[in-house]
Amino acid sequence: MSDRHKQLHELLVQNLNELKLTQIAETYREVLDEAARKNSSMLEVLSALIAAEITARRQRALQRRIRQAKLPKPKTLAEYKFEFPKRVPKQKVLRLFDCEFVEQRQCAILIGPTGVGKTHILTALAYTACEKGLSVRFTRVIDMINTLTTAQLNGTLERALKHYVHPSVLLLDELGYLPIDKRGADLMFQVVAARYESGSIVITTNRPFRDWGKIFDVDNTLATAMIDRLMHHGEAIVIQGDSYRTKDQEETE
């Protein structure tokens, strides 16, 4: 490459990066070389460069949404074994994955015993929502409450609440596995109340609604108010069966 060509290349890359056309900056020479071999038109070259930039931007945006969502190890709906639970409302589960309920600001509660795949479904739903361009936050209930409790004690509760109120869909895992004290119950209610009719929530729990008062420091009034808001525009999805993890252990014995 001549000095003149080298200078032009460096200037072009600099300008492209300033315009944040990073994918074009990285690949334009390869695209031009390929176009020369195929005798492609300038319109075809331009189209290929723009398509590559759009694809790269979409991928970067997806990875950014996944990072912001705080997602666990990836799961997919295709990996979920619908045949294992004794009873699972498959069509209700599948409808969640079109994410129309998020656009309609609706909620869903996945209810079932340990080991029937509730967290798997929730995780797969989180990745699907990210792929559809939605903002997502995924957390265990107890982790959210611990974070909000610390923020309240530090005087930063309002800022901390935004992380759970602003995303398009909030996914809360493992409600009912650990007891929640009065402060924690009140904080969770603040989140549910703030998102009521303005943002979707999906919760997994091992407790039927009649036992929610026991979860929230024996506060049946708060539990009823929370259920009322979640189910006003929501749906309960009940899964029945034994633990899949227990099945794996039995098969290895």
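Computed quantities for the displayed model
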quantity	calculated
Sole residue being modelled with pLDDT of 95 or more and not small (G, A, S), chosen from Q91, Q59, Q63	Q91
Contacts under 7 angstrom Cβ, first residue in region 206-222 being within 19 Å of H232 (Cβ to Cβ), partner of a type in the set (A, V, I, L, M) and outside any helix (DSSP H, G or I), 6 or more apart	P208/I111; F216/I180
Residue in region 130-147 that is assigned to a strand (DSSP E or B), of a type in the set (S, T, Y) and buried (at least 17 other Cβ atoms within 10 Å of the Cβ) present	yes
Residue that is nearest to the chain's Cα centre (by Cα) [pool: residues in region 30-47 that are at pLDDT 75 or above and within 22 Å of R57 (Cβ to Cβ)]	S47
Of all residues making up region 223-241, the number that are within 24 Å of the chain's Cα centre (by Cα), touching a residue at least 24 places away in the same chain (Cβ under 8 Å) and either outside the structural domain of K182 (by TED's automatic domain parsing) or not in a loop (DSSP other than H, G, I, E, B) (or both)	10
Which numbered condition R195 misses (of (1) under 24 Å from G117 (Cα atoms); (2) charged (D, E, K, R); (3) buried (at least 18 other Cβ atoms within 10 Å of the Cβ))	(1)
Residue satisfying condition, being assigned to a helix (DSSP H, G or I) and in contact (Cβ under 8 Å) with a residue 40 or more places away in the chain, within set V102, V116	V102
Top-ranked residue of region 64-92 - restricted to ones that are free of Cβ contacts under 8 Å to residues at least 24 places away in the same chain and surrounded by 11 or more Cβ atoms within 10 Å (Cβ to Cβ), ranked as farthest from S243 (Cα to Cα)	R64
Restricting region 93-124 to residues that are β-branched (V, I, T) and in contact with a helix residue (DSSP H, G or I) (Cβ under 9 Å, 6 or more places away or on another chain), the residue that is nearest to Y244 (Cα to Cα)	V116
Subset tally (residues that are more than 19 Å from I142 (Cβ to Cβ) and part of a loop (DSSP other than H, G, I, E, B)) for region 193-217	5
One residue from T150, T114, T156 being farther than 20 Å from R195 by Cα and at pLDDT 95 or above	T150
Unmet criterion (only one of (1) touching a residue at least 60 places away in the same chain (Cβ under 8 Å); (2) among the hydrophobic types (A, V, I, L, M, F, W, C); (3) more than 24 Å from R58 (Cβ to Cβ)) for L178	(1)
Qualifying position, being within 22 Å of L122 (Cα to Cα) and not in a helix (DSSP H, G or I), among L170, L161	L170
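The values are calculated or read from the model by the stated rules, or taken from the named source; none is laboratory data. Fair warning: this is a prediction, and the values are worked out from it, not measured in the lab. No Cβ is skipped: glycine too gets one built from the backbone with ideal geometry, and neighbour counts run over all protein chains shown.
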